[in-house]
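What follows draws every value from the coordinates through simple rules; no lab data is involved. Not measured: the values here are computed from a predicted model. With ideal geometry, Cβ positions are generated from the backbone for all residues, glycine too; neighbour counts draw on all protein chains shown.
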Amino acid sequence: MQDITKILSAQSDGVRNSPLISAFGEETSVRPRVDFDRLVPARVRSFETYVPSQPDADLCRLYGVDRLHRLNNNENPLGPPPAAREVIRSFDPQALSVYPNGDCRQLRVRLADLWHVDHDQIIVGNGVNEVISLIIKAFCETADNIVTADRTFAVAEWIAGFSGIET
């Protein structure tokens with residue numbers, strides 16, 4: 001039998017008409033198909049397809065404007081406030097090459113001091129998507145339901161759906 005790495009490299013060599021080696025060591029032109037329906041749970045296959053908004057240039061042409069303010073993307077059209085700009089300017093670029101502490105302890109301690117709570121009461125994540133995901137995973141079980149408002153940030157519903165929780 002052929003070594004699996006040879007089979008995989010032959011299948012991914014980028015040449016469409018090159019012969020492939022089957023698992024039995026025979027040449028074949030049939031490319032294996034992955035049946036994603038068998039791999040993806042039914043609840044995930046039932047999700048509505050996400051359709052992102054059109055690129056800015058297309059929307060500007062469509063609406064005959066020179067500039068957009070993308071509030072739906074949580075973007076600030078004014079940029080960072082002056083105090084934040086000053087902090088960014090004073091930041092040591094070498095610090096960017098160090099992987100941050102995974103539990104953000106220093107940040108949580110400083111925030112806890114500011115808000116007069118225990119640092120263990122503060123969750124820090126890589127954006128709101130991760131925080132929503134952590135909360136749903138920590139507090140919800142498969143048969144649970146969550147309630148969200150219509151026409152609001154859809155990530156909570158997506159994460160709940162992926163987790164088998166009804167919205």
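So how far apart, in nm, are the two label points at residue 123 and residue 70 if each is 7 Å from Cα heading toward Cβ?
The answer from the label model is 2.6 nm.
Taking the Cβ of each residue in 69, 116 as the centre, tally the other Cβ atoms inside 10 Å and list the residues starting with the fewest.
116, 69
Counting other C-beta atoms within 10 Å, and keeping those with at most 11, which DSSP coil chymotrypsin sites (Phe, Trp or Tyr not before Pro) do you find in segment 41-108?
Filter output for segment 41-108: 50, 91.
In nm, give the distance between the simple-model label positions of residue 105 and residue 86, each being 7 Å from the Cα along the Cα-to-Cβ direction.
Distance between label points: 3.1 nm.
Quick one: net charge of residue 53's neighbours, Cβ under 13 Å, K/R +1, D/E -1?
Here the charged neighbours net out to -2.
For labels at residue 54 and residue 35 in the simple 7 Å Cα→Cβ model, what's the distance in nm?
Output for this residue pair reads 4.1 nm.
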